[in-house]
Amino acid sequence: MTLPVLPTTREALAIHGGTPVRKTLLPYGRQSITEEDIQAVVNVLRTDWLTTGPKVAELEEAFAAWVGAKHAVSFSSGTAALHGAAFAAGLKLSDEAITTPMTFAATANCVLYLGATPVFADVSSDTLNLDPQQVAAHITPRTRAVLPVDYAGHPADLESIQELAARHGCIVIEDASHALGAEYKSCRVGSIADMTVFSFHPVKHLTTGEGGMVTTKRADFAETLRRFRNHGISSDARQRQRDGQWHYEMVLLGFNYRLTDIACALGRSQLQRLEANLSRRREIASRYTAAFRDLEGVISPVMRVGVKPAWHLYPIRLNLEKLTADRAQVFRALRAENIGVNVHYIPVHLHPYYRDRFGYRAGQYPVAEDAYARLISLPMFHGMSDQDVEDVITAVHRVIGHFAR
Ligand SMILES: Cc1ncc(COP(=O)(O)O)c(C=O)c1O
């Protein structure tokens, strides 16, 4: 007797009372800490230096060598590092700096800290990175800096932006908070722009809890950055102790943006696993891209020729024309399956602060705004197990399949 072939029954979505793909929530990003990391931190606690001691220089030197930069200057956060870089670039009251709306607000805020004006330029529709033609259209005699962001870990169009900036006497501050380990034309991010900023927040490739770094080829920028993070003082306490000196001079108005020796010991230990961490992220990205290739409702992130992204995020865009749901419904359905999706980013010009202060309104940056309506960041971190990755794929297929037109 031949059995009838039953039609494949779709599993009910968790949001409709079905069983979630996972029992527990998988976050979109998280740190991984080893026993070696813990030991490195504990060892510092037994020394004389908790703040700027030998571990700061050790991390800075190792980091500069790793990215291929001449100088690396650590800061207490990526935001502080952006502030330092904007200061070193000489931004002042009457200046403008061009940046992308598709970023975390800190990228634009650092321009405001110096009394200068951030000017947004729209992004390219493939990478969601600053579109050089849009940058060119916004350059004025007041433009002093351009701040591209390597969105999701995909390097910005660095050559075009660097060339354009040089032609107009502007400094390029690359916000590579997403892109530690990314490569552009075989060079590591951090060795290309006038200054490159990194963040060591726990969801990033390397963490120090809070922390950040600026890399640069220029000795004058490095010196200003070191002073700026230390109250504008021309020497640090360890140097004075070594030289048997009490005298110091405050030469510019700086802040206390120092990263501690405790944090730097953690960062130095984490740096040893950066290559492995990047390979794992690249493996996960390939698996996702292959798994979503035939899913009409999902557009996977692109990878331009000549770049190797660092995959801080894996932001899919919904092909809303092929779905019966909007982004908010898909987002909620994935969360109900215990997939900790997120959205990066609400375009910065649409935040109330920017709308109120500068009069921005919806419709001014159509590419970024269209992307925002479709974006969902899937979990992406090096500690994800193969099962975690498969759970995300199952949930995306289940939810997108349900809402397919
Ligand atoms: C693009 C971008 N710039 C700047 C920052 C600020 O870095 P931090 O959180 O280390 O201050 C972040 C943090 O997530 C970021 O994603």
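Just so you know, all these numbers are worked out from the coordinates, no wet-lab data involved. Computed from a predicted model, the values in this text were never measured in an experiment. Positions of Cβ are generated from backbone atoms using ideal geometry, with glycine treated the same way; all protein chains shown enter the neighbour counts.
The set of residues in region 242-254 being more than 24 Å from Asp194 (Cβ to Cβ), part of a loop (DSSP other than H, G, I, E, B) and out of contact with any strand residue (DSSP E or B) (no Cβ under 9 Å at 6 or more places or on another chain) consists of Gly244, Gln245, Trp246, His247.
Kindly evaluate Gly190 against the criterion of being crowded, with 24+ Cβ neighbours inside 10 Å, at positive phi and either in contact (Cβ under 8 Å) with a residue 12 or more places away in the chain or away from the ligand (no atom under 16 Å from the Cβ) (or both). Yes, satisfied.
For Glu174, the conditions (1) in contact with a Gly (Cβ under 9 Å, 6 or more places away or on another chain); (2) touching a residue at least 40 places away in the same chain (Cβ under 8 Å); (3) within 15 Å of the ligand (Cβ to nearest atom) are fulfilled apart from (2). Within region 142-153, the set of residues being within 12 Å of the ligand (Cβ to nearest atom) and farther than 10 Å from Thr99 by Cα comprises Asp150, Tyr151, Ala152, Gly153. Taking the listed residues Gly212, Gly254, the one that is more than 19 Å from Gly53 (Cα to Cα) and in contact with a helix residue (DSSP H, G or I) (Cβ under 6 Å, 6 or more places away or on another chain) is Gly254, with no other qualifying.
Among the candidates Leu225, Leu253, Leu278, Leu295, the residue that is surrounded by fewer than 18 Cβ atoms within 10 Å (Cβ to Cβ), over 25 Å from Asn43 (Cα atoms) and among the hydrophobic types (A, V, I, L, M, F, W, C) is uniquely Leu253.
Against the test of being among the polar types (S, T, N, Q) and within 19 Å of the chain's Cα centre (by Cα), the options Ser279, Ser269, Ser235 yield a single qualifying residue, Ser279. Within region 202-213, is even one residue away from the ligand (no atom under 16 Å from the Cβ) and charged (D, E, K, R)? Within region 202-213 (the criterion being away from the ligand (no atom under 16 Å from the Cβ) and charged (D, E, K, R)), the answer is no, since none of the residues qualifies.
Does Asn338 satisfy being among the polar types (S, T, N, Q) and under 27 Å from Ala108 (Cα atoms)?
Numbers: among the polar types (S, T, N, Q): yes; under 27 Å from Ala108 (Cα atoms): no.
Against the criterion (among the polar types (S, T, N, Q) and under 27 Å from Ala108 (Cα atoms)), Asn338 does not qualify.
Checking the stated criteria, Leu128 turns out to be touching a residue at least 40 places away in the same chain (Cβ under 8 Å), farther than 14 Å from Ile173 by Cβ and either within 16 Å of the ligand (Cβ to nearest atom) or out of contact with any Asp or Glu (no Cβ under 8 Å at 6 or more places or on another chain) (or both). For Gly209, are the conditions met, namely being in contact (Cβ under 8 Å) with a residue 12 or more places away in the chain and crowded, with 24+ Cβ neighbours inside 10 Å? So Gly209 does not fit the description; no.
Helices (runs of 4 or more DSSP H) fully within region 335-405 that include at least 1 residues being closer than 28 Å to Leu206 by Cβ: 366-372, 386-403. Answer with yes or no whether Ile139 is of a type in the set (Val, Ile, Thr), more than 16 Å from the ligand (Cβ to nearest atom) and farther than 30 Å from Ser76 by Cβ. Yes; evaluated as a whole, the condition is true for this residue.
Among the residues of region 162-169, is there at least one that is buried (at least 24 other Cβ atoms within 10 Å of the Cβ), more than 19 Å from Asp370 (Cα to Cα) and either among the hydroxyl-bearing types (Ser, Thr, Tyr) or more than 15 Å from the ligand (Cβ to nearest atom) (or both)? Break it down into steps so the answer makes sense when it comes.
So in region 162-169, the residues buried (at least 24 other Cβ atoms within 10 Å of the Cβ) come out as 165.
When the remaining residues are screened for being more than 19 Å from Asp370 (Cα to Cα), the result is 165.
Filter again for either among the hydroxyl-bearing types (Ser, Thr, Tyr) or more than 15 Å from the ligand (Cβ to nearest atom) (or both), leaving 165.
So far as region 162-169 goes, yes, one or more of its residues are buried (at least 24 other Cβ atoms within 10 Å of the Cβ), more than 19 Å from Asp370 (Cα to Cα) and either among the hydroxyl-bearing types (Ser, Thr, Tyr) or more than 15 Å from the ligand (Cβ to nearest atom) (or both).
Contact map, region 351-372: residues that are more than 11 Å from Leu128 (Cβ to Cβ) paired with residues that are in a helix (DSSP H, G or I) and among the aliphatic types (A, V, I, L, M), Cβ distance under 7 Å, separation 6+ or inter-chain. Pairs shown: Tyr354/Val348; Tyr360/Leu350; Ala362/Leu350.
In the set (1) within 16 Å of the ligand (Cβ to nearest atom); (2) within 21 Å of Val146 (Cα to Cα), Ser74 fails one condition alone, (2). Of all residues in region 125-147, count the ones that are in a loop (DSSP other than H, G, I, E, B) and surrounded by fewer than 17 Cβ atoms within 10 Å (Cβ to Cβ). Total meeting the criteria: 5.
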